[in-house]
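Engineer: Provided herewith is a single structure, encoded as structure tokens, for subsequent inquiry.
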Amino acid sequence: MARQAIQTDEYNFNVTQTPLYTVRDEDNKKSGWLANVREDTGEVLGICTDRYAVVQNADLIDRAEDAFARKGLTDFERKVYVTDGGAKLRVNYDFKGETIKVPEVGDEMGFRLTLQNSFDRSLRVSFALGMLRLVCTNGMQTLEKEFDMLKKHSAQLDLDKLLTGEAIDKAMASFRNSGDVFARLASVKISQDEGKVALQNLLKKNVFSEKVREGIAYRFDNPTYSEDGEAGSERNLYQLYNATTQFLTADNHIDADGNAVGRMEEVRFEYSNRINSNVLKTFDKATVNKGRLTALLAAPKLDEQLIAQN
């Protein structure tokens, strides 16, 4: 059965491995590959060799939350995103009471860990560090790589031994030091028009669609919070990044028929997550490389009229 590209929060299903056979004339032989099959739907979520061990979502979540409990991190909110018909799992854990202040930007950030798993070999079993902007609950990313709570999927994988408190400690230490990137963004002053130009240049690089560009530009032109400045005054890259994350993770969206569809990440998590990450990486590189900043803010002559209209 073909895999359906759907997104839900239903993670408690089992995946089994079934041998794949080759067919040549009348001779059926094992191919050496296995299909990872979702039992409740019969969908093939991925293929692998026998060296790849399946980690059930429910087992992983249970072990992760046991590890949190051992560290005294029991006060959290959990949001589950299951994408690609069940092939990928991400679970956002927002821990109450674990915060940092970034005085350079006037914001307070909450500690977020995103648990990851997959059945198509696209994601390692790991945690990714994130942040939650408390003033508006924007989901913000960091530039940290994954914190490997586990080794790669393998037959020797043991959840009880590999989910460690040390990895959680390392993630929390990085969280406390991660305000530096946002401070750098805030230090780069831009005009209102330059912010719109930057969005147009990201559109040209296929970072997001025209519809997403329009949504971020609207949010940048109409700031919701005092920390995000005022349209027409001196702005900065941090505020432009906030406009991006608010549109992707906090604003409620309406479809073309006028129906409420909720937050973008609730219906298109993979797309939203990719945009969030790519925008942050692009902006951060621009803060430390003058040439990249110039390119980001440079309006092509052919687009000047379009920028003025939007």
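Engineer: Restricting to helices (runs of 4 or more DSSP H) lying wholly in the range 143-205: which have 1 or more residues that are surrounded by fewer than 15 Cβ atoms within 10 Å (Cβ to Cβ) and at pLDDT below 80? Outline the logic, then answer.
Structural biologist: Numbers: elements: 159-162, 165-176, 179-187, 192-204.
Ranges flagged: 159-162.
Engineer: Being at pLDDT 90 or above, open to solvent by 60 Å² or more (accessible area, probe 1.4 Å), within 23 Å of Leu163 (Cβ to Cβ) and of a type outside the set (Phe, Trp, Tyr) is the requirement here; does Asp40 meet it?
Structural biologist: Values: at pLDDT 90 or above: yes; open to solvent by 60 Å² or more (accessible area, probe 1.4 Å): yes; within 23 Å of Leu163 (Cβ to Cβ): no; of a type outside the set (Phe, Trp, Tyr): yes.
Against the criterion (at pLDDT 90 or above, open to solvent by 60 Å² or more (accessible area, probe 1.4 Å), within 23 Å of Leu163 (Cβ to Cβ) and of a type outside the set (Phe, Trp, Tyr)), Asp40 does not qualify.
Engineer: Just to check your reading of the model, which residue among Ala87, Ala128 is crowded, with 21+ Cβ neighbours inside 10 Å and either in contact with a Cys (Cβ under 6 Å, 6 or more places away or on another chain) or closer than 19 Å to Asn276 by Cα (or both)?
Structural biologist: On the way: Ala87 fails: either in contact with a Cys (Cβ under 6 Å, 6 or more places away or on another chain) or closer than 19 Å to Asn276 by Cα (or both).
Of Ala87, Ala128, the one residue that is crowded, with 21+ Cβ neighbours inside 10 Å and either in contact with a Cys (Cβ under 6 Å, 6 or more places away or on another chain) or closer than 19 Å to Asn276 by Cα (or both) is Ala128.
Engineer: Within the range 210-219, can one find any residue that is open to solvent by 20 Å² or more (accessible area, probe 1.4 Å), assigned to a loop (DSSP other than H, G, I, E, B) and out of contact with any Ser or Thr (no Cβ under 8 Å at 6 or more places or on another chain)? Before you say what the answer is, go through the steps one by one.
Structural biologist: At the first step, the residues of the range 210-219 found to be open to solvent by 20 Å² or more (accessible area, probe 1.4 Å) are 210-211, 214, 218-219.
From what's left, assigned to a loop (DSSP other than H, G, I, E, B): none.
No: the range 210-219 contains no residue that is open to solvent by 20 Å² or more (accessible area, probe 1.4 Å), assigned to a loop (DSSP other than H, G, I, E, B) and out of contact with any Ser or Thr (no Cβ under 8 Å at 6 or more places or on another chain).
Engineer: If you check every pair at least six apart or on different chains, which have Cβ atoms under 6 Å apart with a residue in the range 199-222 that is touching a residue at least 12 places away in the same chain (Cβ under 8 Å) first and a residue that is part of a loop (DSSP other than H, G, I, E, B) and surrounded by fewer than 21 Cβ atoms within 10 Å (Cβ to Cβ) second?
Structural biologist: Ala217/Asn310; Asp221/Ala231
Engineer: Here is a follow-up. Name the residue that is least open to solvent (accessible area, probe 1.4 Å), counting only residues in the range 262-295 that are more than 25 Å from Tyr81 (Cβ to Cβ) and of a type in the set (D, E, K, R). Explain how you work it out, then say what you get.
Structural biologist: Quick first cut of the range 262-295, residues more than 25 Å from Tyr81 (Cβ to Cβ) only: 285-295.
Okay, now just the ones that are also of a type in the set (D, E, K, R), so 285, 290, 292.
Numbers: Lys285: 101, Lys290: 170, Arg292: 128 Å².
Step by step, filter the range 262-295, then rank; the result is Lys285.
Engineer: Looking at the range 86-108, can you tell me whether even one residue there is under 27 Å from Thr18 (Cα atoms) and not in a strand (DSSP E or B)?
Structural biologist: Among the residues of the range 86-108, at least one is under 27 Å from Thr18 (Cα atoms) and not in a strand (DSSP E or B), which makes the answer yes.
Engineer: For the range 229-249, which positions are open to solvent by 10 Å² or more (accessible area, probe 1.4 Å), in contact (Cβ under 8 Å) with a residue 12 or more places away in the chain and closer than 20 Å to Val279 by Cα?
Structural biologist: Filtering the range 229-249 down to residues open to solvent by 10 Å² or more (accessible area, probe 1.4 Å) leaves 229-234, 236, 239, 247.
If we keep only those that are in contact (Cβ under 8 Å) with a residue 12 or more places away in the chain too, we end up with 231-234, 236, 239, 247.
Across the range 229-249, the qualifying residues are Asn236, Gln239, Phe247.
The values are calculated or read from the model by the stated rules, or taken from the named source; none is laboratory data. Model, not experiment: these values are computed from the prediction. Please note: Cβ atoms are built from the backbone with ideal geometry, for glycine as well, and neighbour counts cover all protein chains shown. SASA here: full protein model, heavy atoms, side chains in, ligands and nucleic acids out. Shrake-Rupley method; radii C 1.70, N 1.55, O 1.52, S 1.80 Å.
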